[in-house]
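For reference, the structure discussed in these notes is given below.
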Amino acid sequence: MKRRVSLVQALLNEPEFLIVDEPTTGLDPEERIRIRNLLVDFSEGRTVLFSTHVVEDLAATCNRLAVMKKGRFLYSGNMKELLELEKAYHISSKLYMGDELQMKLISEAPPRTACSPCEATLEDAYIYIANKEP
């Protein structure tokens, strides 16, 4: 109840920029959905910074995503683009290198996103062969 009251209190002044920290933690599934819908409706024409560890909340509410680790951005961009990469290509590895998330994509054609070529490994070859359509 306190979480709901705090959120409504924050929304009353209709701020242009709203920061919510773990707004659905500890709530039952129906209440989580209600809060997410409220934030999506409220965000129209505004910016809502949604800090959470609940991945389902991000998928349901956000169009842009930033992933941070120890105060550094590992990824910042369009969530749809990140999901499209996962669907469109075989990803043989993901590696956090300093301030960025590096993904190794396996593709017969150059990817439709900015990237740098790298040397294939035996593991990459296996992933390619194992996932190639018959």
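Would a scan of the range 110-128 turn up a residue that is touching a Pro at 6+ places or on another chain (Cβ under 9 Å) and without any contact (Cβ under 8 Å) to a residue 60 or more places away in the chain? Before the answer, list the steps.
Applying the first criterion (touching a Pro at 6+ places or on another chain (Cβ under 9 Å)) to the range 110-128 yields 110, 117.
Restricting the remaining residues to those that are without any contact (Cβ under 8 Å) to a residue 60 or more places away in the chain gives 110, 117.
Checked the range 110-128: at least one residue is touching a Pro at 6+ places or on another chain (Cβ under 9 Å) and without any contact (Cβ under 8 Å) to a residue 60 or more places away in the chain.
Say whether the condition of being touching a helix residue (DSSP H, G or I) at 6+ places or on another chain (Cβ under 9 Å), of a type outside the set (S, T, Y) and open to solvent by less than 40 Å² (accessible area, probe 1.4 Å) is met by at least one residue in the range 44-52. Even if it seems obvious, please write down each step before you answer.
At the first step, the residues of the range 44-52 found to be touching a helix residue (DSSP H, G or I) at 6+ places or on another chain (Cβ under 9 Å) are 48, 50, 52.
Adding the requirement that they be of a type outside the set (S, T, Y) leaves 48, 50.
Right, trim to open to solvent by less than 40 Å² (accessible area, probe 1.4 Å) and you get 48, 50.
The answer is yes, given that some residue of the range 44-52 is touching a helix residue (DSSP H, G or I) at 6+ places or on another chain (Cβ under 9 Å), of a type outside the set (S, T, Y) and open to solvent by less than 40 Å² (accessible area, probe 1.4 Å).
A120 - would you say it is surrounded by 13 or more Cβ atoms within 10 Å (Cβ to Cβ), more than 16 Å from the chain's Cα centre (by Cα) and part of a loop (DSSP other than H, G, I, E, B)? So that I can check it myself, show each step before the final result.
On the way: surrounded by 13 or more Cβ atoms within 10 Å (Cβ to Cβ): yes; more than 16 Å from the chain's Cα centre (by Cα): yes; part of a loop (DSSP other than H, G, I, E, B): yes.
Here the answer is yes, as A120 does meet what is asked.
Here's the yes/no breakdown for (1) touching a helix residue (DSSP H, G or I) at 6+ places or on another chain (Cβ under 6 Å); (2) at pLDDT 90 or above; (3) open to solvent by 40 Å² or more (accessible area, probe 1.4 Å); (4) of a type outside the set (A, V, I, L, M):
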{"residue": "M1", "(1), (2), (3), (4)": "no, no, yes, no"}
{"residue": "V8", "(1), (2), (3), (4)": "no, no, yes, no"}
{"residue": "E16", "(1), (2), (3), (4)": "no, yes, yes, yes"}
{"residue": "D21", "(1), (2), (3), (4)": "no, yes, yes, yes"}
{"residue": "G26", "(1), (2), (3), (4)": "no, no, yes, yes"}
{"residue": "P29", "(1), (2), (3), (4)": "no, no, yes, yes"}
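Given the options A109, A114, A130, A125, name the one that is surrounded by 12 or more Cβ atoms within 10 Å (Cβ to Cβ) and of a type in the set (G, A, S). Write out each step before concluding.
Numbers: A109 fails: surrounded by 12 or more Cβ atoms within 10 Å (Cβ to Cβ); A114 fails: surrounded by 12 or more Cβ atoms within 10 Å (Cβ to Cβ); A130 fails: surrounded by 12 or more Cβ atoms within 10 Å (Cβ to Cβ).
After ruling out the rest, the residue left standing is A125.
Just to verify a result, which residue in the range 22-68, among those that are under 11 Å from the mean Cα position of the chain (by Cα) and of a type in the set (D, E, K, R), is nearest to L12 (Cα to Cα)?
If we take residues in the range 22-68 being under 11 Å from the mean Cα position of the chain (by Cα) and of a type in the set (D, E, K, R), then D57 is nearest to L12 (Cα to Cα).
Name the one entry in E44, E22, E84, E56 that is of a type in the set (D, E, K, R) and under 30 Å from L122 (Cα atoms). If you could, list the steps in order and put the result at the bottom.
Details: E44 fails: under 30 Å from L122 (Cα atoms); E22 fails: under 30 Å from L122 (Cα atoms); E56 fails: under 30 Å from L122 (Cα atoms).
Going through E44, E22, E84, E56 in turn, just one is of a type in the set (D, E, K, R) and under 30 Å from L122 (Cα atoms): E84.
Within the range 65-91, how many residues turn out to be among the small types (G, A, S), touching a strand residue (DSSP E or B) at 6+ places or on another chain (Cβ under 7 Å) and modelled with pLDDT under 80?
Total meeting the criteria: 0.
Test of understanding: among K87, K104, which residue is outside any loop (DSSP other than H, G, I, E, B) and loosely packed, with under 13 Cβ neighbours inside 10 Å? Quick ask: steps written out before the conclusion?
Details: K104 fails: loosely packed, with under 13 Cβ neighbours inside 10 Å.
Going through K87, K104 in turn, the sole match is K87.
Please go through (1) over 20 Å from the mean Cα position of the chain (by Cα); (2) small (G, A, S); (3) surrounded by 13 or more Cβ atoms within 10 Å (Cβ to Cβ) for S76 and return the number of the only condition it doesn't satisfy.
(1)
The values are calculated or read from the model by the stated rules, or taken from the named source; none is laboratory data. Small disclaimer: the values here were computed from a predicted structure and weren't measured. Every residue, glycine as well, gets a Cβ built from its backbone with ideal geometry; the counts of neighbours run over all protein chains shown. The area values use the complete protein model at the heavy-atom level, side chains included, leaving out ligands, DNA and RNA. Shrake-Rupley method; radii C 1.70, N 1.55, O 1.52, S 1.80 Å.
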